[in-house]
2 protein chains.
Amino acid sequence: MKCKKCGSKASVNMRQHKLALCKDHYLEWIPEQTERFIKKYDMFRREEKILVAVSGGKDSLSLWDILQRLGYQADGLYIGLGIEGTPYAVQGRSRDVPLERLYSAESHRLAEKFASERGLKLHVVDIQQEYGQPIPMLAESSHRGQGKPCAVCGLVKRHVMNRIARDLGYDALATGHNLDDEVAVLFGNTLQWAGNFLLRQSPVLPSTSGLARKVKPLCRFYEREMAAYALLRGIEYIYEECPFAEGSTSIYYKELLNRLETDKPGSKLTFYLRFLEAREAGLFAAAPASAPDLHPCPNCGQPTSTDDLCSFCRMIAKANAITSKPLP
Amino acid sequence: MKCKKCGSKASVNMRQHKLALCKDHYLEWIPEQTERFIKKYDMFRREEKILVAVSGGKDSLSLWDILQRLGYQADGLYIGLGIEGTPYAVQGRSRDVPLERLYSAESHRLAEKFASERGLKLHVVDIQQEYGQPIPMLAESSHRGQGKPCAVCGLVKRHVMNRIARDLGYDALATGHNLDDEVAVLFGNTLQWAGNFLLRQSPVLPSTSGLARKVKPLCRFYEREMAAYALLRGIEYIYEECPFAEGSTSIYYKELLNRLETDKPGSKLTFYLRFLEAREAGLFAAAPASAPDLHPCPNCGQPTSTDDLCSFCRMIAKANAITSKPLP
């Protein structure tokens with residue numbers, strides 16, 4: 001297989017795009033495409049300040065790398081979740097890095113390493129330090145999530161991302177969701193015909209009630225395209241999934257959709273793009289006028305549909321009441 | 001596993017309904033449920049005349065059996081497609097039936113046998129006799145379907161069912177589509193976000209432009225539930241799929257959805273019912289006001305969106321022009 005642009009040996013063959021590229025042209029193609037998506041979905045402009053949510057994985061580090069290469073003002077936010085998991089060997093380690101590390105420690109190390117090597121600014125929020133307990137303990141002490149901390153983790157991450165973006169005046173909050181992530185979510189919501197979620201899932205969520213705009217510049221790249229980018233760019237990233245992700249419904253859907261994609265290449269991209277097009281063309285009725293009014297949470301100030309504390313502050317209050325720590 | 005109603009040994013265990021039943025109670029439960037669906041979706045009433053499209057398969061013969069048991073006035077329509085396929089051994093054959101038969105011949109024999117044993121009226125339309133050529137030849141000579149006659153077969157069956165229902169004054173046309181059929185179609189249309197099809201797929205399509213109402217009384221039964229019904233009722237049916245169905249997209253989707261159902265029992269039913277509920281609740285915008293006007297086809301009188309011959313008559317004209325036979 002030869003590179004379509006220069007005829008040299010191709011490094012990446014994208015069957016779904018009928019496109020093969022050599023390393024150099026692939027590493028140009030990804031940012032070019034990203035720039036196209038940023039413009040197409042009107043995500044942000046060069047004079048705006050972007051906060052990239054960085055997990056230490058291939059997608060978020062690649063996103064940060066791409067935005068820097070494209071000349072955007074993008075700082076990072078790393079949230080220390082305090083997830084330990086089973087120790088594992090580190091992907092792409094050099095000889096002087098210990099063989100085994102824990103999930104959050106390793107993802108933190110990789111995010112810091114990436115930022116310092118490139119002179120980028122990384123904000124770090126450590127959940128245990130700020131809210132008294134790491135994620136797995138918060139989930140347990142607030143009795144949420146039926147043995148899995150994933151729901152609490154999502155709640156905490158959304159809250160912290162919104163807080164930092166607002167407090168530090170960022171215009172947009174960028175996450176590294178790739179096509180496989182978006183398609184798995186869309187598939188789950190479609191199997192349930194979850195109207196509210198179908199109306200909201202988008203490459204861009206406009207700023208509302210004082211929250212920063214949310215954008216997903218990688219939403220049209222397949223996961224394997226981002227893995228190839230990180231590898232060819234020499235980005236050191238955490239290879240393992242979060243230890244709590246094992247057995248999750250979203251991973252199950254990803255496997256089912258991978259089977260579909262293997263048998264019918266391009267299915268995921270078609271499913272996602274036709275969804276966006278059909279919604280844009282008016283397939284869905286507008287959301288009912290009775291959408292709940294949002295009020296600022298009396299504790300944190302973030303918008304909530306209740307008249308009392310928001311879900312996040314209620315969860316923290318419950319977790320800390322049990323462990324006798326005051327509300328921050 | 002015991003029957004939920006009488007405690008005797010269960011014959012059918014429906015994991016997705018958390019219900020196990022013995023043979024007798026299962027054979028009562030299926031018509032009770034069918035009656036419930038007929039009423040729920042307002043399909044037809046006892047004073048109306050129903051035409052059941054009978055293929056000789058388990059679903060359509062079971063549907064006819066159930067409607068008879070429930071006291072509805074249901075006649076059958078068998079359409080002889082002239083499909084040969086590979087000879088195969090006959091399911092449930094008795095000693096005096098030849099070991100090997102061809103697809104259409106065998107399905108015709110089984111439909112006739114079912115009707116005559118129960119004193120039911122069966123209309124028979126033979127495609128070759130009426131339109132000059134059997135389905136596979138029509139597809140070839142009209143250059144439709146890229147080597148597969150399935151599109152032409154669907155077009156012909158819809159035309160003939162509409163014609164017989166209209167000419168003989170039936171109020172409703174009932175087909176044996178089961179849940180697996182409906183879910184495979186819904187899944188395909190959803191993967192493509194095919195809005196027009198999503199707006200139309202329904203247990204009942206009301207009568208329009210002089211066409212009979214179309215109803216699918218079995219649309220909430222899993223395929224395996226209908227297979228169990230046919231088996232326990234001793235209905236002799238054609239077991240094989242149409243030889244042209246092999247490798248079709250709908251069979252591929254059925255296999256993928258079977259995997260989902262195995263891993264997450266009830267997924268198919270949830271996907272289908274939530275879709276109907278969400279649409280009923282107004283998830284989709286109404287069809288655009290610019291829906292094409294329908295005119296009667298100058299040859300057959302059935303509604304068409306063109307000003308000229310309908311698709312069916314154009315196909316027949318093309319096929320017969322090539323083989324030098326006049327338009328019927």
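Worth a mention:
- Relative intensity of the protein assembly as shown on a log10 scale, I(q)/I(0) at q = 0.06, 0.08, 0.12 Å⁻¹, equals -0.47, -0.78, -1.27, per a Debye sum over C-alpha point scatterers of equal strength in the absence of solvent.
- The loop-placed trypsin sites (Lys or Arg not before Pro) in the stretch B:27-85, going by DSSP, that have at most 15 neighbouring Cβ atoms within 10 Å of their Cβ come out as B:Arg45, B:Arg46.
- Full extension of the segment from A:Lys121 to A:Glu246, taken as 0.36 nm per residue of separation minus the current Cα-Cα distance, would add 41.8 nm.
- Per-residue Cβ neighbour rank within 10 angstrom, fewest leading, B:Ser107, B:Ser8, A:Ser142: B:Ser8, A:Ser142, B:Ser107
- Hydrodynamic radius of the stretch A:260-313 by the Kirkwood approach over all distinct alpha-carbon pairs: 14.6 Å.
- Rg ratio (alpha-carbon, reference 2.2 N^0.38 Å) - the stretch B:232-297: 1.73
- Other protein chain Cβ atoms within 10 Å, averaged over every residue that makes up B:265-276: 2
- Charge dipole (debye, nearest 20) of chain A; +1 at Cβ of Lys and Arg, -1 at Cβ of Asp and Glu: 860
- Within the stretch A:261-312: Cβ-based charge dipole about Cα centre, in debye rounded to nearest 20 (Lys, Arg +1; Asp, Glu -1): 280
- Structure-based [θ]222 nm, chain B - -39500 (n - 2.57) summed over DSSP H runs of at least 4, per residue, nearest 500: -14000 deg cm²/dmol
- Estimated dipole of the stretch A:136-175 in Debye, rounded to 20 [Cβ of Lys and Arg +1, of Asp and Glu -1, Cα centre]: 100
- Each copy carries a label point for A:Asn258 at 7 Å from Cα toward Cβ; from one copy, the others' points are 2.3 nm away, ordered from shortest.
- Inverse of mean 1/r across different Cα pairs in chain B, Kirkwood, Å: 21.2
- Inter-label distance, B:Phe197 to A:Arg69: 3.8 nm, where each label sits 7 Å from its Cα along the C-beta direction.
- Residue order, fewest to most surrounding Cβ atoms within 10 angstrom, among A:Phe197, B:Phe114: A:Phe197, B:Phe114
- The stretch A:123-214: proportion of alpha-carbon pairs further apart than 23 angstrom, %: 39
- Along its first, second and third principal axes, ordered by size, the stretch A:1-62 spans 40, 27, 20 Å in Cα coordinates.
- The label-point distance for B:Lys39 and A:Lys5, in a model that sets each label 7 Å from Cα toward Cβ, rounds to 6.8 nm.
- The coefficient of translational diffusion for the stretch A:186-240, derived via Stokes-Einstein from the alpha carbon Kirkwood radius under 10 °C and 1.306 mPa s, stands at 114 µm²/s.
- If the chain linking A:His295 and A:Lys113 were pulled fully straight, counting 0.36 nm for each residue of separation and taking away their Cα-Cα distance, it would gain 61.6 nm.
- Relative exposure of A:Tyr253, B:Tyr272, judged by other C-beta atoms within 10 Å (fewest first): A:Tyr253, B:Tyr272
- Rounded Å value of the spacing that divides the Cα centres of the stretch B:124-169 and the stretch A:16-73: 53
- Size descriptor, Kirkwood hydrodynamic radius, that averages inverse alpha-carbon separations across the stretch B:161-282, Å: 16.1
- Label point of B:Asn13 (7 Å along Cα→beta-carbon): distances to the other copies' equivalent points are 4.6 nm, sorted ascending.
Bear in mind these aren't lab numbers, they're just calculated from the coordinates by the rules spelled out. Values in this document were obtained by computation on a predicted structure and should not be read as measured data. Every residue, glycine among them, receives a Cβ derived from its backbone with ideal geometry; neighbour counts consider all protein chains shown.
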